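The values are calculated or read from the model by the stated rules, or taken from the named source; none is laboratory data. Quick caveat: nothing in here was measured; it's all calculated off a predicted structure. Glycine gets a Cβ as well: all are built from the backbone with ideal geometry, and neighbour counts include every protein chain shown.
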Amino acid sequence: MKTLWNRTFTWIDERVQLSDVMHFLEKKSVPVHSHSVWYYFGGVSLFLFIIQVVTGILLLLYYKGSEELAFESIQFIMAKVEFGWLIRSIHSWAANLFILSAFIHMFSVLFEKAYRKPRELTWLSGMILLFLGMGFGFSGYLLPWNEVSFFATKVGTDIAGVLPVVGEPLMVFLRGGEDVTGATLSRFFGFHVAVLPGIFTVVLGLHLLLVQRQGMSKPLSYERLPATDQKTMPFFPNFMLRDLLLWLLVLNLLAILAVFFPWELGVKADQFAPAPAGIKPEWYFMFMFQTLKYIPGELWFLEGEVVGILLFSLAGVVWMFIPFWDKKSSRGEENRFINYIGLFALIYIIILTTIGWLS
Amino acid sequence: MDTPTTLDQPQHSKRDFLKYLLGGGILAWLGAVFYPVFAYLKPPKQGDVEVTSVKAGKLSEIEKESGVIVRFGNKPVMMVRTAEGEVRAFSATCTHLDCTVQFRKDTGVIWCACHNGKYDLNGRVVGGPPPRPLDEYRVIIQADEVIISSRT
């Protein structure tokens with residue numbers, strides 16, 4: 001056995017110089033300090049993404065992306081296909097946990113200022129991944145073609161439509177016409193299983209490559225310690241085994257959620273039925289949606305919603321480019337202002353999401 | 001008018017000419033490649049049969065103080081009958097964010113469940129976020145037949 005393994009290794013090594021990779025892995029280390037726990041959330045997000053790819057491909061084997069068949073095909077998956085209910089439920093739960101984990105990852109990176117030079121591009125690519133993830137969520141939400149998702153998509157795309165100049169064409173592009181119809185379902189299906197995965201994989205590759213090239217970020221307080229006090233742990237196998245253990249725990253959590261709180265399918269969408277009460281976007285859009293409710297219909301000469309969307313877009317851009325304007329952290333100085341912004345955003349999101357959820 | 005510039009001029013303009021030719025060529029090429037793609041993304045106008053009026057039922061069968069959604073081509077239309085017996089019709093699409101409204105017997109208003117928008121039986125906004133009243137349709141009663149037609 002041992003010799004077979006060795007021979008295989010040598011065979012590959014002679015051709016593609018595997019020893020370089022081995023050397024890299026041996027050298028790779030992870031800083032150990034009181035905030036080390038936050039290092040795990042990028043990995044957890046990655047794991048959940050892998051789960052999404054696998055369960056998504058499995059669902060694709062039975063799902064039919066058309067107005068007449070979408071709802072029925074998911075009914076079929078849940079009722080007839082062996083373990084179909086489990087795969088679908090895991091896909092829905094993992095989608096939500098992925099966004100949650102990515103949010104935690106983002107906020108921890110923000111508070112640790114891990115985005116500071118030289119990791120600006122890692123932050124930027126991470127933000128793009130989060131936006132793509134939200135795009136996955138929005139497009140995937142419609143695919144069961146049920147009442148709630150139908151009206152949530154109507155509302156969501158209508159909000160995009162109020163933007164000046166680009167709004168109308170953007171809405172028509174998203175909907176595949178003036179209204180949310182089977183054409184919208186076809187488009188969203190295409191975005192969800194082809195366009196977004198393609199772009200996501202490329203950006204994810206870049207994100208991971210940057211992390212490998214630059215190594216793990218060290219908090220400012222850790223960096224100031226004398227070199228002898230900077231404790232580290234080898235990535236392989238110490239950190240990786242911890243990573244894998246956590247992935248296993250997440251998988252267990254997923255299984256518990258999927259089995260004991262199965263994802264409902266609801267009622268099939270009907271264009272000629274009134275909207276049911278309780279139309280809500282997915283929780284990660286809730287804080288924006290709830291904010292729009294508080295903005296008056298008319299502000300100066302603009303529609304309230306336009307102001308809201310423009311403000312959120314502006315905030316998003318400022319947030320996305322934090323590493324480029326926070327020069328203080330890049331110089332290795334404390335920048336409390338960032339902590340305040342981060343704390344404000346975090347509290348704002350939690351409060352508005354809770355209000356939206358309860359109302 | 002010194003000699004070096006005049007000597008330089010033709011060479012520069014020749015190079016500029018080539019630069020523009022190449023640049024313009026690349027732009028034209030990009031346009032030729034991407035124009036069809038963008039044009040493809042724009043959904044074509046559907047050749048739907050345009051509906052100008054629909055029969056919505058028998059007047060004698062519509063209860064007073066009621067409201068139902070009627071198919072008007074591919075659009076939902078809210079037909080209401082007031083306590084006085086008058087029949088009116090409005091677009092059933094909420095002017096706020098595109099949800100479909102419903103008639104509430106208990107409060108006697110047209111209600112949108114999405115964000116609690118309320119309209120009276122003239123289609124006017126009486127509560128909630130809608131920015132405009134509901135678009136009205138014309139109702140014609142011929143004998144006992146209720147016909148809804150677009151305003152124009």
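Can you find a residue that is buried (at least 18 other Cβ atoms within 10 Å of the Cβ), in contact with a Pro (Cβ under 8 Å, 6 or more places away or on another chain) and part of a strand (DSSP E or B) anywhere in the stretch B:101-112?
Yes; the residues of the stretch B:101-112 include at least one that is buried (at least 18 other Cβ atoms within 10 Å of the Cβ), in contact with a Pro (Cβ under 8 Å, 6 or more places away or on another chain) and part of a strand (DSSP E or B).
Out of the stretch A:157-202, which residues are farther than 20 Å from residue A:71 by Cα and touching a Pro at 6+ places or on another chain (Cβ under 7 Å)?
Result: A:172, A:177.
Only one of (1) touching a Lys or Arg at 6+ places or on another chain (Cβ under 8 Å); (2) farther than 25 Å from residue A:175 by Cα is not met by residue A:50, so which one is it?
If we test residue A:50 against (1) touching a Lys or Arg at 6+ places or on another chain (Cβ under 8 Å); (2) farther than 25 Å from residue A:175 by Cα, just (1) comes out false.
I'd like to check something: does the stretch A:241-256 contain any residue that is more than 30 Å from residue A:66 (Cα to Cα), in the same structural domain as residue A:219 (by TED's automatic domain parsing) and either touching a strand residue (DSSP E or B) at 6+ places or on another chain (Cβ under 8 Å) or among the charged types (D, E, K, R) (or both)?
yes
Restricting attention to helices (runs of 4 or more DSSP H) lying wholly within the stretch A:115-190, give those where 2 or more residues are more than 11 Å from chain B (Cβ to nearest Cβ) and touching a Ser or Thr at 6+ places or on another chain (Cβ under 8 Å).
A:120-142, A:182-190
Restricting to the stretch A:68-95, give me the number of residues that are aromatic (Phe, Trp, Tyr) and farther than 19 Å from residue A:189 by Cβ.
3
Kindly check whether there is at least one residue in the stretch B:124-131 that is within 18 Å of the chain's Cα centre (by Cα) and part of a loop (DSSP other than H, G, I, E, B).
Within the stretch B:124-131, one or more residues are within 18 Å of the chain's Cα centre (by Cα) and part of a loop (DSSP other than H, G, I, E, B).
Could you tell me how many of the residues in the stretch A:42-98 are surrounded by fewer than 19 Cβ atoms within 10 Å (Cβ to Cβ), over 18 Å from residue A:198 (Cα atoms) and of a type in the set (Val, Ile, Thr)?
Number of matching residues: 1.
So residue A:294 ticks every box in (1) within 14 Å of another protein chain (Cβ to nearest Cβ); (2) buried (at least 18 other Cβ atoms within 10 Å of the Cβ) but one. Which box is left unticked?
Every condition holds for residue A:294 apart from (2).
Sort out which residues of the stretch A:268-307 are in a helix (DSSP H, G or I), modelled with pLDDT of 90 or more and touching a Pro at 6+ places or on another chain (Cβ under 9 Å), and write them in order of number.
Hit for the stretch A:268-307 is A:288, nothing else.
If residue A:218 satisfies all but one of (1) without any contact (Cβ under 8 Å) to a residue 40 or more places away in the chain; (2) over 30 Å from residue A:307 (Cβ atoms), what's the number of the condition it fails?
Only one criterion is unmet by residue A:218, namely (1).
When you look at residue A:324, is it within 21 Å of residue A:125 (Cα to Cα), within 14 Å of chain B (Cβ to nearest Cβ) and not in a loop (DSSP other than H, G, I, E, B), yes or no?
Taking the combined requirement at face value, the residue does not satisfy it.
Conditions: (1) more than 13 Å from chain B (Cβ to nearest Cβ); (2) under 24 Å from the mean Cα position of the chain (by Cα); (3) outside any loop (DSSP other than H, G, I, E, B). Residue A:216 meets all but one. Number of the miss?
So the condition that residue A:216 fails would be (3).
For the stretch A:1-79, which fully contained helices (runs of 4 or more DSSP H) count at least 2 residues that are more than 30 Å from residue A:92 (Cα to Cα) and out of contact with any Pro (no Cβ under 7 Å at 6 or more places or on another chain)?
Ranges flagged: A:2-16, A:18-27.
If you take the residues of the stretch B:129-146 that are in contact with a strand residue (DSSP E or B) (Cβ under 8 Å, 6 or more places away or on another chain) and surrounded by fewer than 16 Cβ atoms within 10 Å (Cβ to Cβ), which of them is farthest from residue A:299 (Cα to Cα)?
B:144
Against the condition over 22 Å from the mean Cα position of the chain (by Cα) and buried (at least 17 other Cβ atoms within 10 Å of the Cβ), how does residue A:235 come out, does it pass?
Spelling it out, residue A:235 is indeed over 22 Å from the mean Cα position of the chain (by Cα) and buried (at least 17 other Cβ atoms within 10 Å of the Cβ).
With the requirement that a residue be touching an Asp or Glu at 6+ places or on another chain (Cβ under 6 Å) and more than 9 Å from chain A (Cβ to nearest Cβ), what does the stretch B:65-97 give you?
B:83, B:90, B:91
Which of the residues that make up the stretch A:175-199 are aromatic (Phe, Trp, Tyr) and without any contact (Cβ under 8 Å) to a residue 60 or more places away in the chain?
A:188, A:191
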